Structure formats: C-alpha cells, structure tokens
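**Student:** Shown below is the structure under consideration.
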Amino acid sequence: MASSSSDKAETHRQKYLAMDAEERGLFNTWRRAISEYTGIGQPPSQQYERAALAAFKKDLEDCKRCEKWRNDLMQTSPLVIFMAESLKKSGYIAEPKNMPCMKCTESRSGGYSSEGVIQLCYNHIRDKGHLETTMAHEMVHAYDDKNFNLDWYNLEHHACTEIRAASLSGDCTWFQEMMRGNLGFLKHHQVCVKRRAVLSLLANPSCKSPKHAEAAVNKVFKSCFTDTRPFDEIY
C-alpha cells in the first residue's frame, strides 16, 4: 500500500533531523535555490513578486530587442531608408527619439500621433520583418501628415492615409496575410488593404459604425490606392 502524504512528510522530517550541521546547511542552500528558481514553496507574496520581476525582465528584453532592430533597420532596410529620406524632404526627421519602442495596451504593432511621434509596440512585434513593415506603415502616415494637411477626425482623410499605408508598406503582402491566417489569391492585396483600413477607422472617434468606416474607405479607395507617393509604384 502506498504511503500517505503525512507518512512521507514524517519520513522526510526524520531524514532532515538525522543530518549533521554541514549537511543541513547544504540542504537548506539547495532548497532555497530551487525555491527561488521555480517558485515552489514560496508564500503568495513572494510568488507575486517573482512573477512581477519576471514580467519586468521580459518587458525590458523585448524593448531592448525592438530598439536594436529599429536602429539596424534605419541603417540597412531599403524601405525604411527610402521613407526616412522622403520624410526629410518633407521636413520630418525620422530618428530614434521620435520612433520610441513602447508597451501598448491595444492590440496593435505601432501608431502615429499628430505630434509627429511614431510608436513601435514592442509587446506586439513578432520579428524584425514585422517591425520593418510597421515602421514603413507609420512612416507613410507621417509622410501624409506632413504633405497633405490631414484632418485625422475627417474619416475620409483618415481612410485615405490608412489605404496608402497598408498598400505601400508591405503590410498586405501574401506572406503577411498568411501570418494572419487570411489566405486568398483573387485581388488579395486590394481586399487586405480595404479590410485593414476599415479596422483602423473603427478606432476613430468620428466613426459611428463598421458600415460608416466601410463607406469612407470605398469612397476614397480608387484615388488613394493609386496614389503611390513617394514611391513610383507599390512596394
């Protein structure tokens, strides 16, 4: 018959008591090390602190990785370099201080504010390629903001820059769509651009409903989709 939990505990206690001082010291050191590594045997307060510290360390690692990738891409990515040069001609200097890596509560990989800050959400970036696309997407928004006097609360203005950003950044390549689980071959690029533009518009305070967003996107789609500035054609 298997021993009960109390019997096993008593057996372990007797073995511990049978140890000499040196053995007990080694055992206690080993037990503390295991407890700190696994969290087993720690009181709830210590387990919470341990989890919080682990989350903080992961955030710090993710942020540093985002910053490294960002800096590398600004030196090596033809797409990012071209957009940075185009923005410079428009009076916007794309540099690390206005392209911070930050933790975002919303489920998005990046954002652009009318104050000229490009936000890179390190907690939603899958890999370096994803960051490259995100940077290019937000840089298109910055380009449009500096060149076309955007009113972000005007749904048609917002729709136009979202269409251009999704189309020109590489956000709607076949690979990106496959990563999202959206597989299609018939005009998949246009379908993706429209869908992602509508999703972005839903967060605009001026948007009343999904149909309102769809109507704005459809109204400006042809003119904005064919406007590839500053590119000669779709990337």
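**Student:** With labels modelled as points extended 7 Å from the Cα through the Cβ direction, what inter-label distance (nm, one decimal) is found for S107 paired with E85?
**Tutor:** With each label placed 7 Å out from Cα toward Cβ, I get 3.8 nm.
**Student:** At a probe size of 1.4 Å, how large is the accessible area of Y153, to the nearest 10 Å²?
**Tutor:** 150
**Student:** Classify the range 103-194 from the C-alpha gyration tensor, please: rounded if a/c falls under 1.5, else prolate or oblate depending on whether a/b exceeds b/c. Please report the intermediate quantities before stating the final value.
**Tutor:** Working: a/c = 2.09, a/b = 1.24, b/c = 1.69.
Verdict is oblate for the range 103-194.
**Student:** Suppose R0 equals 41 Å; then what is the FRET efficiency for L17 and A54 from their Cβ-Cβ distance, rounded to the nearest 0.05?
**Tutor:** Details: r = 35 Å, r/R0 = 0.86.
Efficiency, from the Cβ-Cβ distance: 0.70.
**Student:** Once fully extended, how much extra length lies between T76 and L199, figured as 0.36 nm per residue of separation less the alpha-carbon to alpha-carbon distance? Show your work: numbers first, answer last.
**Tutor:** Working: separation 123, 0.36 × 123 = 44.28 nm, distance 3.06 nm.
Extra length from T76 to L199 when fully extended: 41.2 nm.
**Student:** Got a number for the accessible area of D72? Probe 1.4 Å, square angstrom, nearest 10.
**Tutor:** Surface accessible to solvent at D72 totals approximately 50 Å².
**Student:** Want the number for K146 to S6: 0.36 nm per residue separation, take away the alpha-carbon distance, what's left?
**Tutor:** Values: separation 140, 0.36 × 140 = 50.40 nm, distance 7.32 nm.
Separation in residues times 0.36 nm, less the Cα-Cα distance, equals 43.1 nm.
**Student:** Please compute the modelled spin-label separation between F175 and K97, points set 7 Å along Cα→Cβ, answer in nm with one decimal.
**Tutor:** My value for the distance between the label points is 3.4 nm.
**Student:** Given a 1.4 Å probe and heavy atoms of the protein chains only, how would you sort R13, R108, R164, largest accessible area at the top? Numbers along the way, then the final one.
**Tutor:** Working: R13 115, R108 70, R164 5 Å².
The most accessible residue leads, giving R13, R108, R164.
**Student:** Tell me, in nm to one decimal, what length is gained between T228 and K68 on full extension, where the rule is 0.36 nm per residue of separation less the Cα-Cα distance? Kindly include the intermediate steps, with their values, before the conclusion.
**Tutor:** Values: separation 160, 0.36 × 160 = 57.60 nm, distance 2.94 nm.
Result for the pair: 54.7 nm of gain on full extension.
The values are calculated or read from the model by the stated rules, or taken from the named source; none is laboratory data. Note that the structure is a prediction, hence the values are computed from the model and not measured. Methodologically, a virtual Cβ is constructed for each residue, glycine included, from the backbone with ideal geometry; neighbour enumeration extends over all protein chains shown. SASA here: full protein model, heavy atoms, side chains in, ligands and nucleic acids out. Shrake-Rupley method; radii C 1.70, N 1.55, O 1.52, S 1.80 Å.
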